[in-house]
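What follows is a short report on a single structure.
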Amino acid sequence: MQYVSTRATSASAARNPQHFSDILLGGLAPDGGLYLPEQYPQVTGAELDAWRTLSYAELAYEILRKFATDIPDADLKALTAKTYTPEVYRNARADESASQITPLRVLEQSPERTLILQGLSNGPTLAFKDMAMQLLGNLFEYALAKNGDELNIFGATSGDTGSAAEYAMRGKRGIRVFMLSPHKKMSAFQTAQMFSLQDPNIFNIAVEGVFDDCQDMVKAVSNDLEFKVRQKIGTVNSINWARVVAQVVYYFRGYLSATTSNDQKVSFTVPSGNFGNICAGHIARMMGLPIAKLVVATNENNVLDEFFRTGVYRVRKSSETYHTSSPSMDISKASNFERFVYDLVGRDADRTHALFRKVDTHGGFDLSGAPGSDGDEFNLVANYGFQSGCSTHEDRLATIRDVFDDYGITIDTHTADGIKVAREHVEPGVPMIVLETALAAKFNETILEALGTDAARPAGFEDIESLPQRFVVMQPNVAEMKQFIAAHTGLDK
Ligand SMILES: *Cc1c(COP(=O)(O)O)cnc(C)c1O
């Protein structure tokens, strides 16, 4: 299995296909595109039948080995077995089984309407990013040990991604994490989750400023290529291919658990921001998983909903990007979207490159087929099963209340965006699986507003705010930031 960039021109002599291990630690391809397999591996009906009885870890192994063909099977099996355990994914609801890793809960079941919630948030940081990030931590440690190398992850977070990365990389040999966050701007829970880590390879840096200042710091430091190479700086952002492929697994698990035979179909609704999660659903479908629809759910930041309704992709300015009560979906452009567009335009890399160049120069593109548009591929979107919808803060409050009243469970704000949109798209005879992307305890402010009571916290999180915290406060100063990193990696000596 080899990988190509979505911008690798057919004309260029060196199309330069890469193996899984070559792209594991990287981000963008050198030409600015994203990596995808040359062809999607196909899954047969016989395989699907055989996979029905596998554990999550075994299923992850079967799917990953189709993509990571350059990692020896025995190693991959050990890595997936170590990652997907009931101990790591222990925060399932009291009446759900942690050994399921991503348990399904049937909310409604009738010939007209079947609505199912798939819990993806039972990992250490209570959000779905743990599903992929925990595997990434083990894959990184494995790959670095093989080459006797080390890696310093440098990133900025407003909450979910940074904590998922830290909990995945803590205690890992050869890896350090330097994570910037805006000083005193995260919720008390999120701050405590990150800053209570005492592992010597984790460095929490609270920056005097807002999230954009943190991101500017990361850009400035990464633009110094010489420093970046010497200090072995890397990232773990959502375009990382291994993260996407790890997420493919739970679409298979959800399908296999919700059906009894392969002639049945299911649909998925996915709370979406950077299009990473639902991109994995698209890949599962391209591999042959019988998915009827993939429904994109956004909040008020409806870049993706707009595209899937109209064919117009229009990225937002930061002044047009709203801070909402489902903050992990507050995006101005969807960084994984290029992977889908590449397939949509028939895997034409020149055309993909031209479209995303237009995103940089004109803020977007138009595939609606209207006079003067950039193409008419929007009429092919339905062939890929995509539909979409969006919701508002009022919708989230109403949905959290409804779900509590109707089914007796408390969902978080991102999952509420999913349920609201799923209800608009569920069809008779096709179970609709909504992906639960976080637990309610993480976004308690809105739960309190909706229900008048606090969200229950999983065991072990009761007093997290009172644990000792380990962090440094710094000014947004590039030179000081570089000094801090160099002092702690020791790589300049
Ligand atoms: C990151 C995140 C999302 C968005 O996922 P994408 O892969 O960026 O589409 C949704 N919900 C929660 C809770 C998240 O942390």
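The values are calculated or read from the model by the stated rules, or taken from the named source; none is laboratory data. A quick note: this is a predicted structure, and the numbers were derived from the prediction, not measured. Every residue, glycine among them, receives a Cβ derived from its backbone with ideal geometry; neighbour counts consider all protein chains shown. With ligands, DNA and RNA removed, areas are computed over all heavy atoms of the protein, side chains included. Shrake-Rupley method; radii C 1.70, N 1.55, O 1.52, S 1.80 Å.
Some values worked out for this structure:
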| read-out | value |
| --- | --- |
| Odd one out for Ala422, checked against (1) more than 24 Å from Thr161 (Cα to Cα); (2) within 16 Å of the ligand (Cβ to nearest atom); (3) open to solvent by 10 Å² or more (accessible area, probe 1.4 Å) | (3) |
| Odd one out for Pro200, checked against (1) over 26 Å from Val248 (Cβ atoms); (2) at pLDDT 90 or above; (3) crowded, with 17+ Cβ neighbours inside 10 Å | (3) |
| Filtered residue count, the range 372-409, keeping only those that are farther than 22 Å from Gly273 by Cα and not in a helix (DSSP H, G or I) | 7 |
| Unmet criterion (only one of (1) within 14 Å of the ligand (Cβ to nearest atom); (2) surrounded by 22 or more Cβ atoms within 10 Å (Cβ to Cβ); (3) within 27 Å of Gly375 (Cα to Cα)) for Ser335 | (2) |
| Residue list for the range 166-190, filter: part of a helix (DSSP H, G or I), more than 22 Å from Arg230 (Cβ to Cβ) and in contact with a strand residue (DSSP E or B) (Cβ under 7 Å, 6 or more places away or on another chain) | Glu166 |
| Subset of the range 152-171 (residues that are surrounded by fewer than 22 Cβ atoms within 10 Å (Cβ to Cβ) and more than 14 Å from the ligand (Cβ to nearest atom)) | Asn152, Arg170, Gly171 |
| Strands (runs of 3 or more DSSP E) contained in the range 1-109 and holding at least 2 residues touching a helix residue (DSSP H, G or I) at 6+ places or on another chain (Cβ under 7 Å), open to solvent by 20 Å² or more (accessible area, probe 1.4 Å) and more than 29 Å from Met169 (Cβ to Cβ) | 104-109 |
| Hits in the range 117-137 - residues which are more than 14 Å from the chain's Cα centre (by Cα) and open to solvent by 10 Å² or more (accessible area, probe 1.4 Å) | Pro124 |
| Residue list for the range 235-272, restricted to those being farther than 30 Å from Gln109 by Cα and either more than 16 Å from the ligand (Cβ to nearest atom) or not in a helix (DSSP H, G or I) (or both) | Thr235, Val236, Asn237, Ser238, Ile239, Asn240 |
| Flag if Ile153 is more than 19 Å from Lys442 (Cβ to Cβ) and in a strand (DSSP E or B) | yes |
| Filtered residue count, the range 428-457, keeping only those that are in contact with a Phe, Trp or Tyr (Cβ under 9 Å, 6 or more places away or on another chain), part of a strand (DSSP E or B) and open to solvent by 10 Å² or more (accessible area, probe 1.4 Å) | 0 |
| Output for the range 278-290, where each listed residue is open to solvent by less than 10 Å² (accessible area, probe 1.4 Å) and either more than 18 Å from Phe67 (Cβ to Cβ) or near the ligand (Cβ under 9 Å from one of its atoms) (or both) | Ile278, Cys279, Ala280 |
| Meets criteria (closer than 23 Å to Pro458 by Cβ, away from the ligand (no atom under 14 Å from the Cβ) and either crowded, with 16+ Cβ neighbours inside 10 Å or among the polar types (S, T, N, Q) (or both)) for Thr392 | no |
| Residue among Gly385, Gly408, Gly346 that is more than 30 Å from Leu126 (Cα to Cα) and either away from the ligand (no atom under 16 Å from the Cβ) or among the β-branched types (Val, Ile, Thr) (or both) | Gly346 |
